[in-house]
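Asks: Below are the structure tokens for one structure; questions will follow.
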Amino acid sequence: MQKIIDSHFHIWRQQDLPWLVGDMVPRIFGPYEPIRRDYPIEEFLADNEGSGVEKAVYVQTNWAKQDFEKEVAWVQKTAEETGWPHAIVGYADMSVDDVRPQLDRLARYPLLRGVRMQLHWHETPEYRFASDARQVVDPAVRKNVARLKDYGLSFDLQLFPQQMRDGADLVEENPETDFILTHT
């Protein structure tokens, strides 16, 4: 069987996800009643048994912004206890004036490999994460993405098609940073 690395997966505790326990609203991924529960690493592993997945990268699941470090700490602890996952992509708010204090806190976790701040904007308010369609070209975002190279971190770039030109510019400005194009 071919060996596989799952480069983007999620586990969660429902209590940590305000969007998952809040009122049901239309989401771009459709109805989500079936995931309104805990999804621990043990279930993820059972779901993947026999699939050939031998390693996996956890990607942040939109905890409350102020809990960005708690999320990475929880996933790091999960990995220490179970051997899974093998890498973490955490959240950092790239729209702040200086993201380095957040990155300094996250850098303490050995499995951290990158960050994701969802910059995709949609005409339908329920489908957007970015504050506006051009957040990807916001000077603060650009300045903070440029800082990732100093930490050796990648950036998970999540955009809608109409934002791709701006996203390509961001990538071109940062040749020393690895970008992962996600959910595109």
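Asks: Among the residues of region 63-75, is there at least one that is free of Cβ contacts under 8 Å to residues at least 40 places away in the same chain, in contact with a strand residue (DSSP E or B) (Cβ under 9 Å, 6 or more places away or on another chain) and over 23 Å from residue 150 (Cα atoms)?
Replies: no
Asks: A further question follows. Scan region 167-184 residue by residue and report those that are buried (at least 18 other Cβ atoms within 10 Å of the Cβ) and within 18 Å of residue 132 (Cα to Cα).
Replies: Hits for region 167-184 are 167, 170.
Asks: Return the total of residues in region 2-40 being of a type in the set (A, V, I, L, M), more than 22 Å from residue 113 (Cβ to Cβ) and exposed (fewer than 14 other Cβ atoms within 10 Å of the Cβ).
Replies: The total comes to 4.
Residue by residue, here is whether (1) farther than 19 Å from residue 58 by Cα; (2) under 18 Å from the mean Cα position of the chain (by Cα); (3) among the β-branched types (Val, Ile, Thr) holds:
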| residue | (1), (2), (3) |
| --- | --- |
| 78 | no, yes, yes |
| 89 | no, yes, yes |
| 98 | yes, no, no |
| 127 | yes, yes, no |
| 150 | yes, no, no |
| 154 | no, yes, no |
| 157 | no, yes, no |
| 169 | yes, no, no |
| 178 | no, yes, no |
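Asks: Being touching a strand residue (DSSP E or B) at 6+ places or on another chain (Cβ under 9 Å), polar (S, T, N, Q) and surrounded by 17 or more Cβ atoms within 10 Å (Cβ to Cβ) is the filter here, so list the residues in region 48-62 that pass it.
Replies: In the first step, residues of region 48-62 are kept if they are touching a strand residue (DSSP E or B) at 6+ places or on another chain (Cβ under 9 Å); the result is 48, 51-61.
The next check asks that each one be polar (S, T, N, Q); those that pass are 48, 51, 60-61.
Listed by number, the residues that qualify are 60, 61.
Asks: Is there a residue being in contact with a helix residue (DSSP H, G or I) (Cβ under 6 Å, 6 or more places away or on another chain), surrounded by 15 or more Cβ atoms within 10 Å (Cβ to Cβ), modelled with pLDDT of 95 or more and of a type in the set (S, T, N, Q) anywhere in region 98-108?
Replies: No.
Asks: Residue pairs, Cβ under 8 Å, 6 or more apart or interchain, first in region 29-56 and closer than 19 Å to residue 75 by Cα, second in a loop (DSSP other than H, G, I, E, B) and charged (D, E, K, R). List them.
Replies: Pairs that qualify, where the first residue is closer than 19 Å to residue 75 by Cα and the partner is in a loop (DSSP other than H, G, I, E, B) and charged (D, E, K, R), are 38/13; 40/13; 54/3.
Asks: Here is a follow-up. Has region 124-133 got at least one residue that is among the basic types (Lys, Arg), closer than 25 Å to residue 21 by Cβ and at pLDDT below 95?
Replies: Among the residues of region 124-133, at least one is among the basic types (Lys, Arg), closer than 25 Å to residue 21 by Cβ and at pLDDT below 95, which makes the answer yes.
Asks: May I pose another question? Quick one: count up the residues across region 135-163 that are part of a loop (DSSP other than H, G, I, E, B), farther than 17 Å from residue 97 by Cα and touching a residue at least 24 places away in the same chain (Cβ under 8 Å). Can you show your working first?
Replies: Within region 135-163, the first condition is being part of a loop (DSSP other than H, G, I, E, B), and the residues that meet it are 138, 152-153, 158-160.
From what is left, the residues that are farther than 17 Å from residue 97 by Cα are 152-153, 158-160.
Then keep just the ones that are touching a residue at least 24 places away in the same chain (Cβ under 8 Å); that gives 153, 158-160.
Count: 4.
The values are calculated or read from the model by the stated rules, or taken from the named source; none is laboratory data. This one's a predicted model, so the numbers in the text were calculated from it and none came from an experiment. Methodologically, a virtual Cβ is constructed for each residue, glycine included, from the backbone with ideal geometry; neighbour enumeration extends over all protein chains shown.
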